[in-house]
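In what follows, a structure is listed as structure tokens, so that the remarks can point back to it.
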Amino acid sequence: MRFLTTAIAALLLLAFVGVAAVLGLFYYFGRGLPDYQQLATYEPPVMTRVHAGDGRLITEYATEKRVFVPIKAMPKLVIKSFLAAEDKNFYSHPGVDITGVLRAVVTNALQFASNRRPVGASTITQQVAKNFLLTNEVSIERKVKEAILAFRIERAFTKDRILELYLNEIYLGFGSYGVAAAALNYFNKSLDRLTIAEAAYLAALPKAPSNYHPVRNQRAAKGRRDWVIERMLDEGFISAEQAKAEKAAPLATREREVTLLTRAEYFAEEVRRELSERYGQNQLYRGGLSVRTTLDSGLQAIADRVLHDGLIAYDRRHGWRGPVTRLEAGGGDAPGADWARQLAALPPPKALGDWRISVVLKASDAEAAIGFTDGSTGRIPLSDLGWAREALKEGRRGGPVRSVTQVLKPGDVVMVEKGKGGNWSLRQVPAIDGAIVALDPHTGRVLAMSGGYSFAASQFNRATQADRQPGSAFKPLVYLAALDSSFTPSSRILDAPFVIDQGPGLGLWKPQNYAQEFYGPSTMRLGIEKSRNLMTVRLAQTIGMEKVVDYAKKFGIADKMKPTLSMSLGAGETTLLKLTTAYAMLVNGGKKIEPTLIDRIQDRHGRTTFRHDERKCQGCAVADLAAAEVPVVPDNRPQVADPRSAYQVVSMLQGVVQRGTGRRISAIGKPLAGKTGTTNDSYDTWFLGFSPDLAVGVFVGFDKPATLGKGETGSSVAAPIFKDFMEAALKDHAAIPFRIPPGIRLVRVNPDTGLLARPGERRAILEAFKPGTEPTGEEGVLDGSGPLASDGKSAPQTRGLY
């Protein structure tokens, strides 16, 4: 009896000591643990997705590419596969699976001398504690802390919340964070389309994704997958027939398809910069923003194509600059026998695009034999090389190509494109670059933007980041300021020599017309249609450069333009986007707009955090839209110019297309207006224009300013790109005339004199006048003898603009 009493007392003492030890252990390691309550508000990093206006995906931004799926939307098959593989007692244990722990202790004791990695018994809750709150350190201390946190987490959160955190946070290899991203990256499927075998494979990955790589370690990967299928069978999640069929299935992954349906790299980068400035890098890459942009996918595709083709067309007019590089010669001048290996070892040009890289194997007078990286061959005939005359300085070219050997030699590495009849065509990446922008003139929504020939070669956006002189493309602002100062399109201005003293040591400033001729008294309309410099300078001198500077600021072209006469010819620098927006404000009736690339931004919960159009629509929230009256949305755009004056400029710019420097665009056969711009020596070329509902700007020039060559102007370089864009963009649209505001009278006048047309005069045009300003024949000629609006001596030196 005494022995029994002693034994019981000893057991009780041991139990007490054991409990005290456990409590002491929990107290010791439980101090200073991370606050598990943060999991209540934890939101895993989620990618930001950027969509076009039609909903098509443009791009994604993320540090961890994760698609968050709420537990209620998680397919049961996926949940069961992970429970079977990782924690079959998840819904019954308190955070730590005691049975599993004892099993692991026994197994590790038996394997103590085998140098194997110890077997773990971590539950899903413990893995959540480790992944969110602790490190991956392998130690008893970390395991104890993990267990303590698991108990605390289980008391604070529901099982579903814990499982939701786990399935969305866990890393499964292939850059996949969470099961949804893994399903896409391994099988190109959404979670609800996974087979049993596929779900089992994902569940096999948490322990060591790299050990079960589906290609490098396929045998181990399939074995682990089949083990998970067996576990699912043991737990009653699937039938024996299903298990047998799924284990027989091969482990076949499928590369994720590219889902970027809209290609718009320059546009997307501009959006990324704006999001980063607005929300910061962390929110951009981890915040799960949903961004609806203004992009029109169709117009963007047109913009990319016409800019690409236009730059190539210019480049081909100015000759062949030589091969990309050369391969080492073998016997004679021909490349060595291993030319295919040498060619494959070369880094491909960044702007290669859809072209192929090749090496010239042989060259004769009639053709060149070329080879590709895969060992295949082709030919470039002499007939394709007519454009490839030697490129000389300042845009000049050498003599005609009469033999292929003038252009190509064995060993030359060149870019080619598949041509007609199975032949190949020689190609080169343009040395010149440019940009195109299209926007809605009524809202400022940027519908398309291409900032260069190749984003891969240069991320510099020439639509928004390149400050260049607009040349004559600035002149419409001078004419608008004059029209708001009582001038009319028929006002006559003297086209004659103009000289101004720039000050001590600076010499005389003597602007010239492009043709270096003088045309005498000419109408204001003719001055803008033919882009007359001397008329523009006299007009700016008369109305005052302060007024011109004010209009440049109101129209967003430049905030700090100097009030000097050379600025009236476009000597001040601006960007293509700013200038296109200014032209948009002409065609919209002089209403202020701000260009925008983003319509709306929503956070990860669907709450709208930004909207470009903040107008309130009274009467829009009705149950039956069909029966309700059409609501009137207020127009809160500030008026920055007289709408009548704006229309008069539009009318004159329409004349530029019909009779002036942009007349090649009239072939489209729809109401269009615009203006060329060229700086002296053809350093920068522009065309800005619009239809009633679409404003488009084109800039072409070298990144390091240089001449485009003799005879190259905005009319020959930029205007063809504008024409090709408008022709495609308006192809399926009806011809809409420009809208005439109230207070405009259309009067028949002679286009040369601006005077009222005689009855039956065939060349008469309809001119736009404000009531009471129609020509009487008694108007004088502006000769520039009026006072200067600013210090004429301060005109800066300029390359000369026309």
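A compact table of results
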| quantity | calculated |
| --- | --- |
| All positions within the stretch 579-622 that are modelled with pLDDT of 90 or more and of a type in the set (Val, Ile, Thr) | THR580, THR581, VAL587, ILE593, THR596, ILE598, ILE601, THR608, THR609 |
| Test: residue in the stretch 492-501 that is modelled with pLDDT of 95 or more, buried (at least 19 other Cβ atoms within 10 Å of the Cβ) and in a loop (DSSP other than H, G, I, E, B) | no |
| Of all residues making up the stretch 756-787, the number that are at negative phi, crowded, with 16+ Cβ neighbours inside 10 Å and assigned to a loop (DSSP other than H, G, I, E, B) | 5 |
| Residues satisfying the stated conditions in the stretch 502-523, i.e. open to solvent by less than 20 Å² (accessible area, probe 1.4 Å) and in a loop (DSSP other than H, G, I, E, B) | GLN502, GLY503, PRO511, ASN513 |
| Residue within the stretch 352-360 that is hydroxyl-bearing (Ser, Thr, Tyr) and more than 31 Å from the chain's Cα centre (by Cα) present | no |
| Flag if ALA719 is among the small types (Gly, Ala, Ser), under 29 Å from the mean Cα position of the chain (by Cα) and open to solvent by less than 10 Å² (accessible area, probe 1.4 Å) | yes |
| Search result, residues across the stretch 592-628 that are more than 30 Å from PRO643 (Cβ to Cβ), open to solvent by less than 70 Å² (accessible area, probe 1.4 Å) and either of a type in the set (S, T, N, Q) or touching a Ser or Thr at 6+ places or on another chain (Cβ under 6 Å) (or both) | ILE601, GLN602, ASP603, THR608 |
| Selection status of VAL101, assigned to a helix (DSSP H, G or I), at pLDDT 85 or above and under 25 Å from ASP226 (Cα atoms) | no |
| Members of the stretch 654-677 found to be open to solvent by less than 10 Å² (accessible area, probe 1.4 Å) and modelled with pLDDT under 95, listed by number | GLY660, GLY662 |
| Verdict on ASP635 being at pLDDT 95 or above, more than 30 Å from ASP752 (Cβ to Cβ) and either surrounded by 17 or more Cβ atoms within 10 Å (Cβ to Cβ) or not aliphatic (A, V, I, L, M) (or both) | no |
| Single condition SER239 does not satisfy, out of (1) under 19 Å from GLN459 (Cα atoms); (2) free of Cβ contacts under 8 Å to residues at least 12 places away in the same chain; (3) small (Gly, Ala, Ser) | (1) |
| Unique residue being open to solvent by 60 Å² or more (accessible area, probe 1.4 Å) and of a type outside the set (Asp, Glu) when the list is PHE267, PHE237, PHE187 | PHE237 |
| Selection from the stretch 22-68 of residues that are at pLDDT below 60, open to solvent by 70 Å² or more (accessible area, probe 1.4 Å) and outside any loop (DSSP other than H, G, I, E, B) | VAL22, LEU23, LEU25, PHE26, TYR27, TYR28 |
| PRO563 out of contact with any Gly (no Cβ under 9 Å at 6 or more places or on another chain) and surrounded by fewer than 23 Cβ atoms within 10 Å (Cβ to Cβ) | no |
| Residues of the stretch 215-258 that turn out to be touching a Lys or Arg at 6+ places or on another chain (Cβ under 7 Å) and either at pLDDT below 95 or in a loop (DSSP other than H, G, I, E, B) (or both), as a count | 3 |
| The stretch 382-415, residues that are open to solvent by 50 Å² or more (accessible area, probe 1.4 Å), out of contact with any Lys or Arg (no Cβ under 7 Å at 6 or more places or on another chain) and assigned to a strand (DSSP E or B) | none |
| Boolean, TYR551 is in a loop (DSSP other than H, G, I, E, B) and among the aromatic types (Phe, Trp, Tyr) | no |
| Where a residue in the stretch 370-394 is within 15 Å of VAL413 (Cβ to Cβ) and its partner, wherever it lies, is open to solvent by less than 70 Å² (accessible area, probe 1.4 Å) and of a type in the set (Phe, Trp, Tyr), with Cβ under 7 Å and at least six apart | ILE370/TRP424; GLY371/TRP339; GLY378/TRP424; ILE380/TRP424 |
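The values are calculated or read from the model by the stated rules, or taken from the named source; none is laboratory data. As the structure is a computational prediction, the values presented were derived from the model and not from experiment. All Cβ positions, even for glycine, are placed from backbone atoms using ideal geometry, and neighbour counts span all protein chains on display. Surface areas here come from the heavy atoms of the whole protein model, side chains and all, with no ligands, DNA or RNA. Shrake-Rupley method; radii C 1.70, N 1.55, O 1.52, S 1.80 Å.
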